[in-house]
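Asker: First the structure, which I've put down as structure tokens, then a few questions once you've had a look.
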Amino acid sequence: MTWSLLIGALSHRSALVRLATAATVGVIAFVVAWTVAYVVLPEGATRFTLRLLPTLDARADSAGVAVTLFIWNAAFGFGVIALASLYSVGPISLAYFAPWTWLVRFGIALGTNSFALFVPGARIPPLDLGSIVSHAGIPELIAYIVLATVLANASLWRQRRLTDRNLVRIRHFRDIRLTRLELSLVAVAFVLLAGAAVIETSQIARLQAL
């Protein structure tokens, strides 16, 4: 019963219902990952995944760094979500799984202090919300959840079940119609992503000045 209600809420016609449900699932996954990582994993456990990140000098060119971060996050983050939104398994869009995965990754990074700019001993204990409320990752992840919510009912192909290898075409691009609320949410997602880039740039500059 609970599972069917969850599926129904994630594919609901109302974008606000989908948003509330997707955010709830994401927050639960985030808190669990944060807690487990803090208790079980050593500090810096997943920093190896950040080796390919470019070096950004936010003190010398803050505007350029902010634009670079925004373009990267929009191209990669929004791009992955948009691509995933073309497919669904049953009524559940694959668009949801990208931000949920990144929320888990963010929780692990908080619990193990596995960020690109490493400050030894800066692990954040679970549920210390005051320490992360100004973190750039928060508006960025909210933006991803918002966009995934908007595109959740815009799949072009559907896999009837997880074990089914056949994709069924359920609509064409020309059939996709976003409501005014959904278009507004897309704008909100871009604003949040831009804000996250500005916040992250200032945080990078502050850490680089240490």
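Asker: What is the gain in length, in nm to one decimal, between residue 203 and residue 32 on full extension, counting 0.36 nm per residue of separation less the C-alpha to C-alpha distance?
Answerer: That works out to 59.0 nm of additional length.
Asker: Next up: R0 = 30 Å: FRET efficiency of residue 168 with residue 67, Cβ-based, nearest 0.05?
Answerer: 0.15
Asker: Within the range 17-40, find all residues whose amide N lies under 12 Å from a label point positioned 7 Å from the Cα of residue 6 along Cα-to-beta-carbon.
Answerer: Those under the cut-off are 22, 24-29.
Asker: Shifting gears a bit: Rounded, prolate or oblate: which fits the range 132-177 when a ≥ b ≥ c are the square roots of the eigenvalues of the alpha-carbon gyration tensor, with rounded for a/c under 1.5 and prolate only if a/b beats b/c?
Answerer: Values: a/c = 5.64, a/b = 2.05, b/c = 2.75.
In terms of gyration-tensor shape, oblate.
Asker: Starting with the fewest neighbours, write out 34, 3 ranked by other beta-carbon atoms found within 10 Å of each beta-carbon.
Answerer: 3, 34
Only the coordinates and a few stated rules stand behind these numbers; no lab work does. This is a predicted model, so every value here is computed, not measured. We place every Cβ from the backbone using ideal geometry, glycine too, and count neighbours over all the protein chains shown.
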